[in-house]
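Novice: This is the structure, below, for whatever I ask next.
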Amino acid sequence: MEKITSVEFDQVSEAVSPRTAMAAVIQRGACAIHNFVTYERLQPAAELLRSQRMILDEDLEARVQRRQHMSEFAIGADDTPEILASLAGEVQAYVNRGDFVWTPNEIIAHRYEAGDFIGRHRDYTEAYGLIAVLTLDGMQDFYVELDGDDGPTKVTMRPGTLTMLRGFNGNPEMRPYHWVGRPSSQRTALSIRNMQHIWTPPRSEVSWE
Ligand SMILES: O=C(O)CCC(=O)C(=O)O
């Protein structure tokens, strides 16, 4: 397998093959692909999320501080908007073309208003294999601690950026720490995951750290 040095790609300046992208996730823990989907294709989904009723996920006392609006859809359910399901299908097809077996079953719609954020954390161990986040509208900084690096890597997500993170693969320590900064205006995104209850942390541990 080729050695991955950079994990930030742009489909417009140089198309990145699914194999290279998935190799980055496997070897380093994450990658980002700008212009994964065209602005025109993102617009209907972005419009939907702008007006969606969402819960405010906020707990300023918790170990992982976060504040954002979110709603949850099951892939394949009748009430999941087709436009969201088709974007998730596009992401899944790309990942599978990279020989990465992944069958997402859930879409989380994220809406961050100016100043909202999520602090440093690892994703739930229920998120199996891979977490893919497609930015629909707005800009926000994403930080990830890649394997082999001392400090975090920053990627500025923009409309059409697909960020992918290593999910739970049997070893909870392999989930990369990551966080998102405070955007200056609204950002909407879809987080696409395969949620499986396959591992229970010891009582003393929590999966969000
Ligand atoms: O909004 C994002 O790009 C990342 C969200 C995130 O880190 C999470 O939901 O765990």
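Novice: From zero outward in steps of 10 Å, how is the percent of C-alpha pairs of the stretch 8-195 spread across the bins?
Specialist: For the stretch 8-195, the pair-distance distribution reads 10, 39, 40, 10, 0.
Novice: Projected onto the charge dipole of the chain (+1 at Lys/Arg Cβ, -1 at Asp/Glu Cβ, origin at the Cα centre), which of Met195, Leu49, Gly160 gives the Cα projection farthest towards the positive end?
Specialist: Gly160
Novice: What range in the chain is the longest one free of trypsin sites (Lys or Arg not before Pro) that are in a loop by DSSP and have at most 10 other Cβ atoms within 10 angstrom?
Specialist: On the way: sites that count: Lys3, Arg53, Arg203.
Formally, the longest exposed-site-free interval is 54-202.
Novice: May I pose another question? Quick one: order Tyr39, Tyr94, Tyr124, Tyr112 by neighbouring beta-carbon count within 10 Å, fewest to most. Kindly include the intermediate steps, with their values, before the conclusion.
Specialist: Details: Tyr39 13, Tyr94 20, Tyr124 17, Tyr112 24.
Fewest-to-most ranking of Tyr39, Tyr94, Tyr124, Tyr112: Tyr39, Tyr124, Tyr94, Tyr112.
Novice: Just to be sure I understand the model, the point goes 7 Å from the Cα along the line to the Cβ. What's the resulting Val64 to Ser6 distance in nm?
Specialist: Taking the simple label geometry, Val64 and Ser6 are separated by 3.0 nm.
Novice: Would you kindly state how much longer the chain becomes between Gln196 and Glu47 on full extension, computed as 0.36 nm times their sequence separation minus their alpha carbon distance, in nm to one decimal? Walk me through the numbers before you get to the answer.
Specialist: Working: separation 149, 0.36 × 149 = 53.64 nm, distance 3.00 nm.
Result: 50.6 nm gained on full extension.
Novice: With label points built 7 Å along Cα→Cβ from the Cα atoms of Asp79 and Asp147, find their separation and express it in nm.
Specialist: The modelled label-to-label distance comes out at 4.0 nm.
Novice: Assign unit charges at the C-beta atoms only (+1 for Lys and Arg, -1 for Asp and Glu), then state the dipole size of the chain relative to its Cα centre in Debye, rounded to the nearest 20.
Specialist: Details: 21 positive and 30 negative charges, 34 e Å.
Dipole of the chain, to the nearest 20 debye: 160 debye.
Novice: Additional query: Can you give me the C-alpha center-to-center distance between the stretch 134-167 and the stretch 39-58, rounded to a whole angstrom?
Specialist: 19
Novice: Select from Asp141, Asp99, Asp79 the residue whose mean-square fluctuation is largest in a Gaussian network model of the chain (Cα-Cα springs shorter than 10 Å).
Specialist: The residue that fluctuates most here is Asp79.
FYI, it's all coordinate maths here, none of it is from the lab. None of the values given here were measured: they were computed from a predicted structure. We place every Cβ from the backbone using ideal geometry, glycine too, and count neighbours over all the protein chains shown.
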